[in-house]
1. Which of the numbered conditions does P128 fail, given that it passes all the others? Conditions: (1) without any contact (Cβ under 8 Å) to a residue 60 or more places away in the chain; (2) farther than 25 Å from G233 by Cα.
2. Restricted to region 140-152, and to residues that are of a type in the set (S, T, N, Q) and in a strand (DSSP E or B), which residue is surrounded by the fewest Cβ atoms within 10 Å (Cβ to Cβ)?
3. Condition first: under 24 Å from S141 (Cβ atoms), modelled with pLDDT under 95 and touching a Gly at 6+ places or on another chain (Cβ under 9 Å). Can you find one or more residues in region 82-89 that meet it?
4. Which pairs have Cβ atoms under 6 Å, sit 6 or more apart or on different chains, and link a residue in region 214-226 that is at positive phi to one that is surrounded by fewer than 22 Cβ atoms within 10 Å (Cβ to Cβ)?
5. Tell me which residues, restricted to region 60-74, are touching an Asp or Glu at 6+ places or on another chain (Cβ under 9 Å), part of a strand (DSSP E or B) and not polar (S, T, N, Q).
6. Which one of these is part of a loop (DSSP other than H, G, I, E, B), crowded, with 17+ Cβ neighbours inside 10 Å and of a type in the set (S, T, Y): S222, S226?
7. So, in region 236-280, of the ones that are out of contact with any Gly (no Cβ under 8 Å at 6 or more places or on another chain) and of a type in the set (D, E, K, R), which residue ends up farthest from N215 (Cα to Cα)?
8. Find the residue count for region 75-95, including only residues that are in contact (Cβ under 8 Å) with a residue 40 or more places away in the chain, assigned to a strand (DSSP E or B) and surrounded by 15 or more Cβ atoms within 10 Å (Cβ to Cβ).
Amino acid sequence: MRMVMRVGKTSSLPWRGSWRIGAIALMAWALALWGAATTLADEVTKTFSVAGRARVHVETDDGAVRVSTGDIKQVEVRVDYSGYKLDKDLRVNTSQNADSVDVSVKTSGSFWNWGGRHSSLRVEIHMPKEADLTIRTSDGSVEADSISGNLDVTTGDGNITVQGAKGNIRFHTGDGHIEARDLDGRVDASTGDGHVNLEGRFDALNIKTGDGSVNARATAGSKVQSTWTIHTGDGSVDMEIPGDLRADIDASTHDGHISLGLPITVEGTFSSSQIHGKINGGGQSLTIRTGDGSIHLSKS
């Protein structure tokens, strides 16, 4: 028995040791590859000088977009990426025509992600504050600050966050929430699935979400120059309007109740789930609809 035990020990110990060394080496190699993939990043930078009012168009199929502004006369473009090969599975194209600047960032979408390869893509724009901006991304969030001009943002899947915009403003996301403050002008915001929070001075307002709550605060100076429409398929609506706003109110909910924090002259029949009336003598229509949720209308 002693000889058998000795043979077992001497034959198994080297195998166990080599297995452990091999496992440690394999783990170190995997960690090194993962660390390199997640920490190494490349960038593409471009700068365009503009003389008049800039018009910037950004389009990407897979990446977040971040826009900042300043008192400058140039458009600075920076594309940060990792896990892609430039001019192979990532193409960055920029062009300028007078004061119009176009930025296109496209991935091939044809590579195999062997070994769980990490990839990331972000487009950053620094541009004049007085400008028009259009953003299109198939998959990614969008952030923008202080745009004094027309703003048009569309993302197939991602959140939209804006701090400061003046002009004709449009937001659309297929799946994500919309947060925007310090707006001024005509606003159209829609999402297939997500909440919408807006604050600003509105001349026109259209908000639609398939599934999510709506919070809208119209500040002093807002006017219902054309129909305002608020609609959610499933969620509550909380809206604040100036005390001197003139409008015809048409509010209804299929499953919820309506509460009012300002005087309304009611027309015809009304109930806790449906109200028709006038504010300050009436005007253009302010329509609020929710399929499942309560409506609260108050003074801002």
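The values are calculated or read from the model by the stated rules, or taken from the named source; none is laboratory data. The model shown is predicted, which means the values in this text are computed figures rather than measured ones. So basically every Cβ, Gly included, is an ideal-geometry build from the backbone, and we count neighbours across all protein chains shown.
1. The one condition P128 does not meet is (1).
2. To start, the set of residues in region 140-152 that are of a type in the set (S, T, N, Q) comprises 141, 146, 148, 150.
Then drop every residue that is not in a strand (DSSP E or B), which leaves 146, 148.
Numbers: S146: 15, S148: 18.
Applying the filter and picking the extreme gives S146.
3. Yes, some residue in region 82-89 is under 24 Å from S141 (Cβ atoms), modelled with pLDDT under 95 and touching a Gly at 6+ places or on another chain (Cβ under 9 Å).
4. Pairs found: G221/R201.
5. A64, V65, R66, V67
6. After applying the criteria, what remains is S222.
7. If we take residues in region 236-280 being out of contact with any Gly (no Cβ under 8 Å at 6 or more places or on another chain) and of a type in the set (D, E, K, R), then K278 is farthest from N215 (Cα to Cα).
8. Qualifying residue count, region 75-95: 10.
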